[in-house]
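The values are calculated or read from the model by the stated rules, or taken from the named source; none is laboratory data. Predicted, not measured: the structure shown is a model, and the values here were computed from it. Counting neighbours? That spans all protein chains shown, and the Cβs are built from the backbone with ideal geometry, glycine included.
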Amino acid sequence: MRKYFIHTMGCQMNEYDSLRIASILEKMGFAPAETMEEGDYLIVNTCSVREKPQHKADSSIGRFKQIKKKRPDVKIGFCGCVAQQDGAKILKHSKYIDFVVGTDGLDRMEEVIACVENGQRMCDTQVNEGSLSIGSFRRSVNVSSFVTIMKGCDNFCSYCIVPYVRGREKSRTLGEITDEVKYLADNGAKEITLLGQNVNSYGKGLEISVSFPELINRVSDIEGIRRVRFVTSHPKDFSEELIDVIKSNEKVCEYLHLPLQAGSDRVLKAMNRKYTYDKYKDMVLRAKEAIPDIALSSDFIVGFPGETDEDFECTLNALREIEYDTIFAFAYSVRPGTAAEKLADDVPEQVKKMRLAKVLDLQKEIIARRSKAYEKTVVEVMVEGRGKKDEKQFSGRNRQNKVVNFSSEKELNTGDFVKVYVTQARPNSLYGKAVEGDQDV
C-alpha cells in the first residue's frame, strides 16, 4: 500500500483542508506515512498570508526534492493559498512538482491524482462559482475538531491576500454543517471550533438566512457536543447578539479572537479595516462587562507603511488598555497582489524588529499578570493528552483556551472533563491538580 505525507502550514482552515486531502487519498487506497521519507505522495498545503510561511513552503519542497532524487517515483504536490496565487508558474519553475491544486480544487483532487498516476503534470486553480458545499468525508476525529462554515472574505484589507486566494465570502448551508458536526460527535468529538475568515458574516447569500449566533446555538444543541469555539471574528461585523450568545449559552467558551491589527486610526484607515480604535475598544469593553471571565486575543501588524513612532505608541497604548490574554504579532511584509503593495514600504526593517520586540515584551508582562489571576482557582479542563513519563500527568485546555497541565490520582481518558485546582500559573500554561466535587484543595 502506498503512503502519503502532508505538511500543513498556516491557519486552522488549512488544517481542515489537509484532512479533506487525506480523506481523498485514503479513499483512493493510500495510507498515511509517519515520516516524509516513507511517503510516496508528498504534499505541502501552503499559506500566503505572510512572507515567512511562504519561505517555509519552499523549504519543504526542497526537502521533498531530495527524497524524489533518491526515489524518482515519488510524487510532489503543492496545495493551498500559494498554489492558488501562483498556479502554473509553480510547475514551470520546478520540474520536481507533479501537481498544483488551489483552494477551490479539493473537490477535483481525485481527478488530479488520477491524471498524475498516468504520468501527467497537473495544475487546478479553477475558482468554483455558486455556493459553497463541502460534502461529508471520513476523517480521523479528535475530541477537539474543526468545521469550516464559510470561506473567503469581502473586506479587502489593504495588506491581506485572502480575498484573492480564498475568494469572496461563501457560506455552507446550516444542514451541511450540522450533519458534519453530528458525524464528529458520533465519533467522539466533544469540542467544535467553527472556522471562517470572517465568521461574523456567516449566512450571507444563503437561500434560507441564518445568522452566525443562530448557527452557534444550533451546533451547541447537537448531542455529545460540550464546547463550541469559533475563529475569526472581524470587528466591523461584531454584534451584540454574538455577545449575548457567548454569555447565555453555557456550551460556548468564553474566548474571543478579535483582531485589532493597530491602535492608530490613521494606520487602521490605511489598512482599510473600516473601524476606529475607539469603536473597537467600546465593543471589547461591552464584551468584558457582559462576560467578566472572557479571554481576549488579537492580531497585530507593526511597521505598516507610513507607521510613525506616534502611531506605534497608539498600538502599545491599546495593549495596555485592553490587556489581551494572547496576541499574534508580526512585522509587516509586502504581499504581492494586495493594495498595500503599491505603498512605499518605508519603515526600516530594524525599526520593525524593534517595534515587534516592544510589543512582545509588553504582552509578556500583561500575560504574566493575567495568568497569575488563575492561581488558587478551579477551572474546567477537557483532557486532550497525558504525560509520556508520568501516567498520572495530563493536559488539556480550560474554557478560556489556556493550556492546563495537571496531575490526577484517578485514571482519565481523552475527552473527559475535570475540575482542576490551579497551583501555579506560567505565562503560557497553568499547572495544578484534579479535584472532585467539594474536595479540599
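Any residue at all in segment 223-238 that is part of a helix (DSSP H, G or I) and at pLDDT 95 or above?
We begin by selecting, within segment 223-238, every residue part of a helix (DSSP H, G or I); these are 235-237.
Of the ones still in play, those that are also at pLDDT 95 or above are 235.
Yes, that holds for at least one residue.
With respect to being touching a residue at least 24 places away in the same chain (Cβ under 8 Å), farther than 28 Å from Asp244 by Cβ and either surrounded by 14 or more Cβ atoms within 10 Å (Cβ to Cβ) or polar (S, T, N, Q) (or both), Phe330 fits the description. Looking across segment 246-265, just one residue is within 17 Å of Ile294 (Cα to Cα), of a type in the set (Asp, Glu) and free of Cβ contacts under 8 Å to residues at least 60 places away in the same chain, and that is Glu250. Would segment 219-234 turn up any residue that is in the same structural domain as Gly135 (by TED's automatic domain parsing), surrounded by fewer than 16 Cβ atoms within 10 Å (Cβ to Cβ), over 20 Å from Asp154 (Cα atoms) and not acidic (Asp, Glu)? Checking segment 219-234: at least one residue is in the same structural domain as Gly135 (by TED's automatic domain parsing), surrounded by fewer than 16 Cβ atoms within 10 Å (Cβ to Cβ), over 20 Å from Asp154 (Cα atoms) and not acidic (Asp, Glu).
Answer yes or no: is there a residue in segment 393-413 that is out of contact with any helix residue (DSSP H, G or I) (no Cβ under 8 Å at 6 or more places or on another chain), among the aromatic types (Phe, Trp, Tyr) and without any contact (Cβ under 8 Å) to a residue 40 or more places away in the chain.
First, pick out the residues of segment 393-413 that are out of contact with any helix residue (DSSP H, G or I) (no Cβ under 8 Å at 6 or more places or on another chain): 393-401, 403-413.
From the residues that got through so far, the ones that are among the aromatic types (Phe, Trp, Tyr) too are 394, 406.
With the extra rule that they be without any contact (Cβ under 8 Å) to a residue 40 or more places away in the chain, the set shrinks to 406.
Checked against the condition, which is being out of contact with any helix residue (DSSP H, G or I) (no Cβ under 8 Å at 6 or more places or on another chain), among the aromatic types (Phe, Trp, Tyr) and without any contact (Cβ under 8 Å) to a residue 40 or more places away in the chain, segment 393-413 yields at least one hit.
Condition test on Glu26, is it buried (at least 16 other Cβ atoms within 10 Å of the Cβ), among the acidic types (Asp, Glu) and either in the same structural domain as Gly87 (by TED's automatic domain parsing) or within 22 Å of Val162 (Cα to Cα) (or both)? Taking the combined requirement at face value, the residue satisfies it. Would you confirm whether or not segment 207-214 contains a residue that is surrounded by 18 or more Cβ atoms within 10 Å (Cβ to Cβ), outside the structural domain of Ala287 (by TED's automatic domain parsing), in a strand (DSSP E or B) and not acidic (Asp, Glu)? For segment 207-214, residues surrounded by 18 or more Cβ atoms within 10 Å (Cβ to Cβ), outside the structural domain of Ala287 (by TED's automatic domain parsing), in a strand (DSSP E or B) and not acidic (Asp, Glu): absent. Among the residues making up segment 220-240, those that are over 25 Å from Ser298 (Cα atoms) and touching a helix residue (DSSP H, G or I) at 6+ places or on another chain (Cβ under 6 Å) are Ile222, Gly224, Ile225.
Rundown of residues vs (1) assigned to a loop (DSSP other than H, G, I, E, B); (2) without any contact (Cβ under 8 Å) to a residue 40 or more places away in the chain; (3) among the basic types (Lys, Arg), yes/no style:
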| residue | (1), (2), (3) |
| --- | --- |
| Val267 | no, no, no |
| Arg273 | yes, no, yes |
| Lys281 | no, no, yes |
| Lys288 | no, yes, yes |
| Leu296 | no, no, no |
| Asp299 | no, no, no |
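All of Ile149, Ile90, Ile134 fail the test of being in contact with a Phe, Trp or Tyr (Cβ under 8 Å, 6 or more places away or on another chain), closer than 20 Å to Ile21 by Cα, of a type in the set (A, V, I, L, M, F, W, C) and modelled with pLDDT under 95, apart from Ile90.
For the structure I just gave you, tell me whether Ala189 is more than 24 Å from Gly102 (Cα to Cα), buried (at least 22 other Cβ atoms within 10 Å of the Cβ) and not β-branched (Val, Ile, Thr). Criteria met by Ala189. Residue by residue through segment 3-23, note down the ones that are modelled with pLDDT of 95 or more and either among the hydrophobic types (A, V, I, L, M, F, W, C) or farther than 20 Å from Leu195 by Cβ (or both). Answer for segment 3-23, where residues must be modelled with pLDDT of 95 or more and either among the hydrophobic types (A, V, I, L, M, F, W, C) or farther than 20 Å from Leu195 by Cβ (or both): Lys3, Tyr4, Phe5, Ile6, Leu19, Ile21, Ala22. Evaluated against (1) farther than 30 Å from Arg227 by Cα; (2) crowded, with 21+ Cβ neighbours inside 10 Å, Asn128 falls short on exactly one condition, (2). Selection of first residues in segment 16-30 that are touching a residue at least 60 places away in the same chain (Cβ under 8 Å) and of second residues that are of a type in the set (Val, Ile, Thr) and part of a helix (DSSP H, G or I), restricted to Cβ pairs under 7 Å at least 6 apart or on distinct chains, gives the following pairs, ordered by first then second residue: Met28/Ile113. Being crowded, with 21+ Cβ neighbours inside 10 Å and of a type in the set (A, V, I, L, M), is that true of even one residue in segment 300-312? Yes, because at least one residue in segment 300-312 is crowded, with 21+ Cβ neighbours inside 10 Å and of a type in the set (A, V, I, L, M). Only one of the numbered conditions (1) in contact with a Gly (Cβ under 7 Å, 6 or more places away or on another chain); (2) surrounded by fewer than 17 Cβ atoms within 10 Å (Cβ to Cβ) is not met by Val404, and that is (2).
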